[in-house]
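These notes concern the structure reproduced below.
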Amino acid sequence: MANTYTQLYTHIVFHTKSTGIVMRNEDLARVFQYIGGIIRDEGAVPFAVGGVADHIHILMSLPKTVALSDLMRVIKAKSSKWLRRLDSYYEPFSWQDGYGAFSVSPSLMERTTNYILTQAEHHKTKTYREEYKGILEGYGIDYDEHYAFCD
């Protein structure tokens, strides 16, 4: 085959460091915009960036030339550096090391986008731990709770 063609829709979830601080609600919209800009700058396409004070969800299309692990390292490094400069409140801010990344069928793009953009409503009734466990189990991923929820 002469050319390479891909369509890699990915739902990503990552959490603030549990021993650190969380994002302030009044800053979330700016954080989401900033992360979307990082994603675009790296050649990926963000469809939705959302979350709540202690975690972020992203739905994006990953380009064929970018490794997900490299992109996640860039997103976390640049966004945490930006947050630490935003306000003295964020000086100790950091993300947990890991993340979850899950493939999304084109037929579920709208549903996943809505899910990400309504995180505040969703988390009125469900904790991050409950949500993340549900995602992992829904994808049939074996995990060790100790490592899935530690820094």
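The values are calculated or read from the model by the stated rules, or taken from the named source; none is laboratory data. Note that this is a predicted model, so its numbers are computed, not measured. Cβ atoms come from the backbone with ideal geometry, glycine included; neighbour counts cover every protein chain shown. To get the accessible areas, we keep the full protein, side chains included, count just its heavy atoms, and leave off ligands, DNA and RNA. Shrake-Rupley method; radii C 1.70, N 1.55, O 1.52, S 1.80 Å.
So, Arg129, is that one more than 21 Å from Thr10 (Cβ to Cβ) and loosely packed, with under 13 Cβ neighbours inside 10 Å or not? It is true that Arg129 is more than 21 Å from Thr10 (Cβ to Cβ) and loosely packed, with under 13 Cβ neighbours inside 10 Å. Entry remark, region 73-82: residues being in contact (Cβ under 8 Å) with a residue 24 or more places away in the chain, surrounded by fewer than 22 Cβ atoms within 10 Å (Cβ to Cβ) and either closer than 30 Å to Asn3 by Cα or more than 10 Å from the chain's Cα centre (by Cα) (or both) number 4 in total. Answer yes or no as to whether Asp70 is modelled with pLDDT of 95 or more, acidic (Asp, Glu) and open to solvent by less than 80 Å² (accessible area, probe 1.4 Å). It is true that Asp70 is modelled with pLDDT of 95 or more, acidic (Asp, Glu) and open to solvent by less than 80 Å² (accessible area, probe 1.4 Å). Exactly one residue out of Thr6, Thr19 is open to solvent by 60 Å² or more (accessible area, probe 1.4 Å), outside any helix (DSSP H, G or I) and farther than 19 Å from Gly98 by Cβ: that is Thr6. The lone criterion from (1) farther than 15 Å from Lys78 by Cα; (2) open to solvent by less than 60 Å² (accessible area, probe 1.4 Å) left unmet by Ile35 is number (1). Evaluate region 44-61: report whether one residue or more is surrounded by 16 or more Cβ atoms within 10 Å (Cβ to Cβ), in contact with a Ser or Thr (Cβ under 8 Å, 6 or more places away or on another chain), at pLDDT below 95 and not in a helix (DSSP H, G or I). No: zero hits.
Within the span defined as region 23-40, every residue fails to be more than 25 Å from Glu121 (Cβ to Cβ), touching a Pro at 6+ places or on another chain (Cβ under 9 Å) and in a strand (DSSP E or B).
Residue count for region 85-107, restricted to those that are open to solvent by 90 Å² or more (accessible area, probe 1.4 Å) and part of a helix (DSSP H, G or I): 3. Considering (1) within 16 Å of the chain's Cα centre (by Cα); (2) more than 13 Å from Trp95 (Cα to Cα); (3) at pLDDT below 95; (4) of a type outside the set (Asp, Glu), the lone condition that Ile39 does not fulfil carries the number (3). Restricting attention to region 111-126, the residues being within 15 Å of Met60 (Cβ to Cβ) and open to solvent by 60 Å² or more (accessible area, probe 1.4 Å) number 2.
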